[in-house]
Amino acid sequence: MTSISTNLQAVRARIRAAAQACGRRPEEVTLVAVSKTWPAVAVREAAAAGLRAFGENYVQEGCAKAEALAELGLEWHFIGPLQSNKTRLVASYFDWVHSVDRLKIAERLSAQRDIHRPPLNVCIQVNVSGEASKSGVAPADVAALARAVAGLPRLRLRGLMCIPEPTQDPAVLAARFGVLRTLRASLADEGLALDTLSMGMSHDLEAAIAAGATMVRVGTAIFGERQRA
Ligand SMILES: *Cc1c(COP(=O)(O)O)cnc(C)c1O
C-alpha cells in the first residue's frame, strides 16, 4: 500500500529530474492531479498533501466534487470531451478548460461565465496524432481558432493541450509533443503569446517536459489504478 503523499513525492521527483535533465526549472511545470473516478475523500487527502489543482473528465462528477470541497479553495480543471449542453455547468464550477476544440463551445463558455468571476482559463486541444486520434482541432486550424477564442470576453486563452496516441516509441512521442511546441512558437510570432502547454500524463511526463510542457496532468501515478477508464 502506498499513500497519495508518497506517490506525490515520487511524481514531484520525476518532474524535478525531467526538468533538470533539459535545463528547465521544476517550478515552470504545474502539476494537475487528475482525480477522475476517485471520490472527494481522495481529493481531500491529495489537497492535504499539498496539491491545489485537480483535473476532471466527467462534468457531473467534477461539479459534484468541486461543490463538496468548495471550502478548500482548490483549482478545478476540466480536461475531458465537452458537449455543448454541458458548457453551463463547466463554466460555473471550473477554473480551467483544457479541451476546447471548436468555436461554438468556446462561445458558449464565454457567454455563460459569470461576469463577477475571473475569466475562464482555456486551452485549445490539438489533434497531434492525425488519423490515430479523433479529438482536438487539426494543427492547420489552430491559428484561426486561437484568434477567435482570444477575442471572447469571458475567456482567457492560456495555451494548447494534447493527448498523443498510446505509443512505446520515444521518437513518435517527442514528435507529437513537438507539434504543440512549434504551434505555440508560431502563434507567438503572429503576436498571440500563450503561457501554457498542457501535455504529459503518468507514463509520458518526462517526454512532455523535455518538449516544453508547462502543465502535466497526472492521475494514476498519484491516485493509483482507476477501476474504470
Ligand atoms: C485520465 C487523463 C489524464 C491522466 O492520465 P494518467 O495516465 O492516469 O496519468 C490526463 N489527461 C487526460 C485528458 C485524461 O483523460
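The values are calculated or read from the model by the stated rules, or taken from the named source; none is laboratory data. These figures come from a predicted structure and were not determined experimentally. Positions of Cβ are backbone-derived with ideal geometry, glycine not excepted, and every protein chain shown enters the neighbour counts. Calculation scope for accessible area: heavy atoms of the full protein, side chains included, ligands and nucleic acids excluded. Shrake-Rupley method; radii C 1.70, N 1.55, O 1.52, S 1.80 Å.
Can you tell me how many residues in segment 166-222 are in a loop (DSSP other than H, G, I, E, B), more than 16 Å from the ligand (Cβ to nearest atom) and surrounded by fewer than 17 Cβ atoms within 10 Å (Cβ to Cβ)?
Summing the residues that are in a loop (DSSP other than H, G, I, E, B), more than 16 Å from the ligand (Cβ to nearest atom) and surrounded by fewer than 17 Cβ atoms within 10 Å (Cβ to Cβ) in segment 166-222 gives 6.
Scan segment 65-88 for residues that are away from the ligand (no atom under 16 Å from the Cβ), of a type in the set (Gly, Ala, Ser) and in contact (Cβ under 8 Å) with a residue 24 or more places away in the chain and jot them down.
Once the filter is applied, which keeps residues that are away from the ligand (no atom under 16 Å from the Cβ), of a type in the set (Gly, Ala, Ser) and in contact (Cβ under 8 Å) with a residue 24 or more places away in the chain, segment 65-88 yields ALA66, ALA68, SER84.
Just a yes or no: is a residue in segment 50-69 exposed (fewer than 14 other Cβ atoms within 10 Å of the Cβ) and out of contact with any helix residue (DSSP H, G or I) (no Cβ under 8 Å at 6 or more places or on another chain)? Break it down stepwise before answering.
Step one: filter segment 50-69 for residues exposed (fewer than 14 other Cβ atoms within 10 Å of the Cβ), giving 50, 60, 67.
Still in the list and also out of contact with any helix residue (DSSP H, G or I) (no Cβ under 8 Å at 6 or more places or on another chain): none.
For segment 50-69, residues exposed (fewer than 14 other Cβ atoms within 10 Å of the Cβ) and out of contact with any helix residue (DSSP H, G or I) (no Cβ under 8 Å at 6 or more places or on another chain): absent.
Looking at segment 84-112, which of the residues that are assigned to a loop (DSSP other than H, G, I, E, B) and open to solvent by 10 Å² or more (accessible area, probe 1.4 Å) is nearest to GLU67 (Cα to Cα)?
Taking segment 84-112 first, the residues assigned to a loop (DSSP other than H, G, I, E, B) are 94-95, 101-102.
From what's left, open to solvent by 10 Å² or more (accessible area, probe 1.4 Å): 95, 101-102.
Details: ASP95: 13, ASP101: 26, ARG102: 27 Å.
Filtering segment 84-112 for residues that are assigned to a loop (DSSP other than H, G, I, E, B) and open to solvent by 10 Å² or more (accessible area, probe 1.4 Å), the one nearest to GLU67 (Cα to Cα) comes out as ASP95.
Can you say whether VAL172 is at pLDDT 95 or above, within 27 Å of ALA18 (Cβ to Cβ), among the aliphatic types (A, V, I, L, M) and touching a Cys at 6+ places or on another chain (Cβ under 7 Å), as far as the supplied structure shows?
Numbers: at pLDDT 95 or above: yes; within 27 Å of ALA18 (Cβ to Cβ): yes; among the aliphatic types (A, V, I, L, M): yes; touching a Cys at 6+ places or on another chain (Cβ under 7 Å): no.
Judged against the criteria, VAL172 is not a match.
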